[in-house]
Amino acid sequence: MEWVLLAILGVLILYVILEYNKLVRLRNVFQNAFKQIDVTLKQRHDMIPQLVNTVKGYAKHEQATLTGVIDARNQAEKLRGQSDSGDAGSMLALGQAEGLLGKAMGGIFALSEAYPDLKADGAFRDLMEQLTTIENKVAASRRGYNNTVLEYNNVLETFPTNILANMFTFKRASELDFDDREAIQNAPEVEF
Amino acid sequence: MAEMSMYQHGANARKQSLLITSLFIFSVLLIAVLIASLASARLTPETANQASQIVVDWRLFVYVALAVAGVIVLTSLWKMVSMGGDGAKVARSLGATDVSDETNDPLITRYKHIVEEVALGASMQAPRIFVLENEPGINAFAAGSSPDKAAIAVTRGALKLLNRSELAAVVAHEFAHIRNLDMRLNVRVIGLIHGLMVLYIVGRILMHSGGGGRKGGAQIALIGIAIILLGLLGAFMGKIMQAAISRQREYLADADSARYTGDPDSLAGALKKIGGLQRSGMKEAVHDELEEARHMMFAELSVKMSGLMSTHPPLVKRIQALDPSFDPDNNGWPSMENAEEPKGA
């Protein structure tokens, strides 16, 4: 009789260990995905000065568009430096600043239509490819984060793992809703 | 299906792997026992006071059974080792070029960027990237038994004919195969089929050596025929099983692709372009070695493949799973006549 109880206890402990490790692994995955969002935003901010310099030479009359982009970029970069992943308020502010930046950059995509010289320029074409990929990466890293959060929450909230999660204080993670999601998804596709 | 977690997909692949392995062990045992019985059993001559009896030479039985099982298992393992593991090696053996260091071709740069984008969307590390340079059709494959050894290859045709988001959808489909461990599953099935095909060769040798009319020659020839039949039957069943599993994994990879890119329409668009190409009668698959890897490809290599042996669901069904309004008869396929005529096709 004791043997049976011991065996059941052993299986239970094994189950707890496996589930605990699964939760830790999934939490690491979504936390890493969160860092990736920051990495891509930084890449986006870093390439904007170069982009503006290239466009400047061709589109002198578009100073307003370019200044707008630079301003939005500086504001977003400042908020990125201050943002704290645990604080919903600062995340929201950053999201809004990135949204404005996304819209301002849409203006540069539109410029390439108005200035044929610009469109024909090889350096600008390379830059547009860089720009397209960085915009896609910003959107993709957010989607990746939300996908991994969903996966973590699904495991966390499913019985009987939810009991374990409570015992070891695993918290539900929240998916991020991005203000500029629409702007990013509607980023014009540039075909040469 | 789209809501199903990535983790569960992986778990399903593991379950199917387990099923395959058990089926494999069972069929190896069955075949070994059957052949060993044939080899070791003798009919005693009929005498006045006794009808003929079956006498089994047990030592011979054990030797033959071990030899048969050993040949099948070793061949399978060898095939698994040579096919699995390092995805880059598999990609090269299929004629793909490593483009990691290529920087001058804008199409390749775009492709590299797309792989990085999809890696973020799937929260996976980026695999090694390859191009099948001389393939004018639209296709792609993934190789490698685990995410850190994975490689992805797309055809030159896919780079040329797909737009940015369509190519991303195709790349994401291959990412899903990597994530769901589909290659590992496939490698096991291929190993199994290969092991059974070896029986066919052994059987042929035995049949020829047994034809000389020596003592016991007839029995050896008989065993040869049995081995050939069992090997062929096993390989045939294995191929049907492989195709059935592969078709299921394709649907899952399509669903995951849509989740990684958030863009099912582009995946449907890529599939429609493949259909358009097939209808315009463009020659596909220049490389014969790709035939061996047809289960790994994004789309079926040959249009004629259908039914039980097909490793992919019909194109129309895959598109309709993503875009229910798709109707192939009502001007559904895009015209690919403006597509660049590939060189060297």
> If you scan region B:110-125, which residues turn out to be more than 15 Å from B:Ala158 (Cα to Cα), surrounded by fewer than 24 Cβ atoms within 10 Å (Cβ to Cβ) and among the hydrophobic types (A, V, I, L, M, F, W, C)?
Replying inline: B:Ala119, B:Met124
> Is at least one residue of region B:203-220 assigned to a helix (DSSP H, G or I), among the small types (Gly, Ala, Ser) and in contact (Cβ under 8 Å) with a residue 24 or more places away in the chain?
Replying inline: yes
>> Could you go through region B:126-146 and let me know if any residue there is within 14 Å of another protein chain (Cβ to nearest Cβ), farther than 22 Å from B:His295 by Cβ, modelled with pLDDT of 90 or more and surrounded by fewer than 22 Cβ atoms within 10 Å (Cβ to Cβ).
In response: yes
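For (1) crowded, with 17+ Cβ neighbours inside 10 Å; (2) over 24 Å from B:Ser22 (Cα atoms); (3) among the polar types (S, T, N, Q), each residue gets a yes or a no:
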residue	(1), (2), (3)
B:Ala168	yes, yes, no
B:Met183	yes, no, no
B:Ser209	no, yes, yes
B:Gly238	yes, no, no
B:Gln248	no, no, yes
B:Ser266	yes, yes, yes
> Out of (1) touching a residue at least 24 places away in the same chain (Cβ under 8 Å); (2) more than 14 Å from chain A (Cβ to nearest Cβ), what's the single condition that is false for B:Tyr111?
Replying inline: (2)
> What number of residues within region B:108-154 satisfy the criterion of being in contact with a Pro (Cβ under 8 Å, 6 or more places away or on another chain), of a type in the set (S, T, N, Q) and part of a helix (DSSP H, G or I)?
Replying inline: 0
> Any idea which residue in region A:25-41 is surrounded by the fewest Cβ atoms within 10 Å (Cβ to Cβ), counting only those that are of a type in the set (S, T, N, Q) and within 10 Å of chain B (Cβ to nearest Cβ)?
Replying inline: A:Asn32
> Which residues, taken from region B:84-107, are aliphatic (A, V, I, L, M), away from chain A (no Cβ under 11 Å) and either in a helix (DSSP H, G or I) or free of Cβ contacts under 8 Å to residues at least 40 places away in the same chain (or both)?
Replying inline: B:Ala88, B:Val90, B:Ala91, B:Val99
>> Test of understanding: among A:Leu100, A:Leu118, which residue is away from chain B (no Cβ under 14 Å), outside any loop (DSSP other than H, G, I, E, B) and modelled with pLDDT of 85 or more?
In response: A:Leu100
> Quick check: is even one residue across region A:132-148 surrounded by fewer than 18 Cβ atoms within 10 Å (Cβ to Cβ), within 14 Å of chain B (Cβ to nearest Cβ) and either at pLDDT below 85 or part of a helix (DSSP H, G or I) (or both)?
Replying inline: no
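Taking B:Arg214 as the residue in question, decide whether it is within 28 Å of B:Glu135 (Cα to Cα), of a type outside the set (Asp, Glu) and either at pLDDT below 80 or not assigned by TED's automatic domain parsing to the domain that holds B:Val64 (or both).
It is false that B:Arg214 is within 28 Å of B:Glu135 (Cα to Cα), of a type outside the set (Asp, Glu) and either at pLDDT below 80 or not assigned by TED's automatic domain parsing to the domain that holds B:Val64 (or both).
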>> Just checking, does region B:159-179 include any residue being modelled with pLDDT of 85 or more and not in a helix (DSSP H, G or I)?
In response: yes
> Within region A:42-53, can one find any residue that is away from chain B (no Cβ under 13 Å) and acidic (Asp, Glu)?
Replying inline: yes
> Mind checking which residues of region A:15-43 are out of contact with any Lys or Arg (no Cβ under 8 Å at 6 or more places or on another chain) and basic (Lys, Arg)?
Replying inline: A:Lys22, A:Arg25, A:Arg27, A:Lys35
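Scan region A:149-163 residue by residue and report those that are in a helix (DSSP H, G or I) and within 14 Å of chain B (Cβ to nearest Cβ).
A:Val149, A:Leu150, A:Glu151, A:Tyr152, A:Asn153, A:Asn154, A:Val155, A:Leu156, A:Glu157, A:Thr161
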>> Between a residue in region B:272-297 that is over 20 Å from B:Val171 (Cα atoms) and any residue that is modelled with pLDDT of 80 or more and in a strand (DSSP E or B), which pairs come within a Cβ distance under 8 Å, given they are 6 or more apart or on different chains?
In response: B:His287/B:Leu132
> Does region B:100-109 contain at least one residue that is aliphatic (A, V, I, L, M) and under 30 Å from A:Val29 (Cα atoms)?
Replying inline: yes
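The values are calculated or read from the model by the stated rules, or taken from the named source; none is laboratory data. Note that this is a predicted model, so its numbers are computed, not measured. Every residue, glycine among them, receives a Cβ derived from its backbone with ideal geometry; neighbour counts consider all protein chains shown.
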